[in-house]
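Shown next, in structure tokens, is the structure this report addresses.
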Amino acid sequence: MAQLQAPKGVPEYFPGRSSAFLAVRDALNAPARKAGYGYVELPMFEDTALYVRGVGESTDVVSKEMYTFEDRGGRSLSLRPEGTAGVMRLVIEHSLDRGQLPVKLWYAGAFFRAERPQHGRYRQLQQVGLEAIGSDDPALDAEVISLADEGFRSLGLKQFTLQLTSLGCAECRPPYRELLQAFLANLELDEATRERAAVNPLRVLDDKRESVQSQLAGVPYMVNHLCADCQTHYDDVRTALRLLKVEWTESPSLVRGLDYYTRTAFEFTHHLLGAQSGIGGGGRYDGLMSSLGGQELSGIGWGLGTDRTLLACEAEGLDPGAGALVDVFAVPMGEEAKAVLIALSGELRASGIRTDLAYGNRGLKGAMKAADRSGAPYVLIVGEQEVADGTVVVKNMSAGTQESVAWESVQSLLAAHLQKDEGNHS
RNA sequence: GUGGGUAUAGCUCAGCUGGUAGAGCGUCGCGUUGUGGUCGCGAAUGUCGCGGGUUCGAGUCCCGUUACUCACCCCA
């Protein structure tokens, strides 16, 4: 029988890298929490119709990449390919939009897309996301964008760019779309691209192939055909972004893969990630709520790729979440000593001091080696002598010094040492 | 989904034109009394991704398959 393995395209995180994953996830949602966003825990699967209506039937995400299945009651369900539609459904279902607006929410977790896996492109992908619903204030667009920017910066990332554009609205997009399609009709394109031009002409703009790009000179861009309201909105977004000290690049050819975006659209791309360079993206959506049966409310949000952000950190030589998993490592010599340290480690943990113990009755040398590997700054040693005295040897591993203290003072001594070390680092 | 590359010890990889496997790192042990990190010595570990085929003989050639990976596509 073949060796069991994880499903294709599913990244797993375990000690060695999992602490970095957690640190990235926390860093990406921290800015939102500082701006009044509340947490939502969404279902991993939803009625398939939610995504068909919300994300758009013609999008690749829905038409080709969704994990859809029938449950035992004959309902068609789909593993969530993205988060925004689910948040909208939750907001409508629980009437969150009946209170004060905007409703500000964030979430984090796994999403599923049946794509061909690649480095940074997974079938189970992790995202941190946020939505601000019920206000079309351009200052809110700027806040949302700056929170993503801040998340990346707080990790120390530098090699990324914020790309920004406006996709227009129901008013100005249709005429622009016709203009664009007329332009594309005159180009020499292969069958697949021609089809794309018919379904989603904007997509053709960010085609990476030279054969296509070379033909796009003089192509009309949406930003140059915005209606008065959209133009004002876009100008105000940029003014607010300047106030927030966020830098961006104007990207008129930026396209989003989900149908619901209107007006402000943005994407964060990292320069060291190859083809899968998008580490986050989002935008405003005007018609989404109402198309899902809710009020006519505009919203704006983003999704940031946790997996890709971690890869970006690694590409820049950053190591988020680095450091030992424990503060203290206990080394017993003999059965009685072990009993003492088992009890003591329990007390230390309860007081908030991260503590591990040398298991397996190894020799002192081996146990010290394990203590060293653990990275714990302090090691507790108890042998016959200490059992008799009622003391513990507390060793400072980096200094190599050690002191003997009574059992009952160990906790307060360690707490004091650790606090002092903490102070020295910051 | 389309096209290319790779697949050898836990990790990184070497194995020339086919003759039944190696290094470094890591792990474990030892360097005598209760102390890690350095150094020295020693040990364990692989059905050479998986399945077929060619051959007296395949890690080495051929086919298939799976996974990873690169580009397109898509997007986080």
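Against the conditions (1) more than 13 Å from RNA strand B (Cβ to nearest atom); (2) under 22 Å from A:ALA315 (Cβ atoms); (3) outside the structural domain of A:ARG25 (by TED's automatic domain parsing), A:ALA217 satisfies every one except (2). Listed by position, the helices (runs of 4 or more DSSP H) inside segment A:194-312 whose residues that are within 19 Å of A:ILE145 (Cα to Cα) number at least 2 are A:228-243. Taken together, A:ARG203, A:ARG196 contain a single residue that is surrounded by 14 or more Cβ atoms within 10 Å (Cβ to Cβ), in contact (Cβ under 8 Å) with a residue 24 or more places away in the chain, of a type in the set (Lys, Arg) and within 16 Å of RNA strand B (Cβ to nearest atom), which is A:ARG203. Go through segment A:371-384 and give me each residue that's under 20 Å from A:GLU336 (Cβ atoms) and within 6 Å of RNA strand B (Cβ to nearest atom). Correct list: A:ILE381, A:GLY383, A:GLU384. Here A:LEU202 clears all of (1) outside the structural domain of A:PHE266 (by TED's automatic domain parsing); (2) farther than 19 Å from A:GLU267 by Cβ; (3) of a type in the set (A, V, I, L, M, F, W, C) except the condition numbered (2). Between A:LEU364, A:LEU357, A:LEU413, A:LEU344, the distinction of being within 14 Å of RNA strand B (Cβ to nearest atom) and not assigned by TED's automatic domain parsing to the domain that holds A:ALA23 belongs to A:LEU364 only. Considering only residues in segment A:267-285 that are more than 10 Å from RNA strand B (Cβ to nearest atom) and crowded, with 19+ Cβ neighbours inside 10 Å, the one that is farthest from the chain's Cα centre (by Cα) turns out to be A:TYR285. Applying the condition of being free of Cβ contacts under 8 Å to residues at least 24 places away in the same chain and over 16 Å from A:VAL387 (Cβ atoms) to segment A:333-351 and asking which residue is surrounded by the most Cβ atoms within 10 Å (Cβ to Cβ) yields A:ARG349. Just one of the numbered conditions (1) more than 10 Å from RNA strand B (Cβ to nearest atom); (2) modelled with pLDDT of 90 or more; (3) surrounded by 12 or more Cβ atoms within 10 Å (Cβ to Cβ) is not true of A:GLU178: (3). Can you say whether A:GLN402 is of a type in the set (S, T, N, Q) and over 25 Å from A:ALA322 (Cα atoms), as far as the supplied structure shows? In short, yes.
Residues are listed down the side, and each one gets a yes or a no for (1) open to solvent by 30 Å² or more (accessible area, probe 1.4 Å); (2) more than 22 Å from A:GLY86 (Cβ to Cβ):
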| position | (1), (2) |
| --- | --- |
| A:GLY9 | no, no |
| A:LEU22 | yes, yes |
| A:TYR51 | no, no |
| A:VAL55 | no, no |
| A:SER58 | yes, no |
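Here are the criteria: (1) touching a residue at least 24 places away in the same chain (Cβ under 8 Å); (2) exposed (fewer than 11 other Cβ atoms within 10 Å of the Cβ). Tell me which single one A:GLY99 does not satisfy. Of everything listed in (1) touching a residue at least 24 places away in the same chain (Cβ under 8 Å); (2) exposed (fewer than 11 other Cβ atoms within 10 Å of the Cβ), A:GLY99 misses just condition (1).
The combined condition, being within 23 Å of A:VAL128 (Cα to Cα), away from RNA strand B (no atom under 15 Å from the Cβ), acidic (Asp, Glu) and open to solvent by 10 Å² or more (accessible area, probe 1.4 Å), is fulfilled by A:ASP319. Any idea which residue in segment A:68-118 is modelled with the lowest pLDDT, counting only those that are closer than 21 Å to A:LEU311 by Cα and aliphatic (A, V, I, L, M)? My answer is A:ALA114.
Quickly run through segment A:286-313 and pick out the residues that are of a type in the set (D, E, K, R), open to solvent by 10 Å² or more (accessible area, probe 1.4 Å) and touching a residue at least 24 places away in the same chain (Cβ under 8 Å).
Correct list: A:ASP286, A:ARG308.
Candidates in segment A:119-141 are the residues that are acidic (Asp, Glu) and in contact with a helix residue (DSSP H, G or I) (Cβ under 8 Å, 6 or more places away or on another chain); of these, the one that is farthest from A:LEU311 (Cα to Cα) is A:ASP136. The residues listed here are A:LEU254, A:LEU226, A:LEU258; of these, the one that is open to solvent by less than 60 Å² (accessible area, probe 1.4 Å), in contact with a Phe, Trp or Tyr (Cβ under 9 Å, 6 or more places away or on another chain), within 16 Å of A:GLU131 (Cβ to Cβ) and among the hydrophobic types (A, V, I, L, M, F, W, C) is A:LEU258. Scanning segment A:34-49 for residues that are open to solvent by 40 Å² or more (accessible area, probe 1.4 Å) and either among the acidic types (Asp, Glu) or within 16 Å of A:GLN127 (Cα to Cα) (or both) yields A:TYR39, A:GLU41, A:PRO43, A:MET44, A:PHE45, A:ASP47.
The values are calculated or read from the model by the stated rules, or taken from the named source; none is laboratory data. Please read these numbers as outputs of a predicted model, since none were measured by experiment. Positions of Cβ are generated from backbone atoms using ideal geometry, with glycine treated the same way; all protein chains shown enter the neighbour counts. Quick note on the areas: whole protein, heavy atoms, side chains included, nothing else; ligands and nucleic acids left out. Shrake-Rupley method; radii C 1.70, N 1.55, O 1.52, S 1.80 Å.
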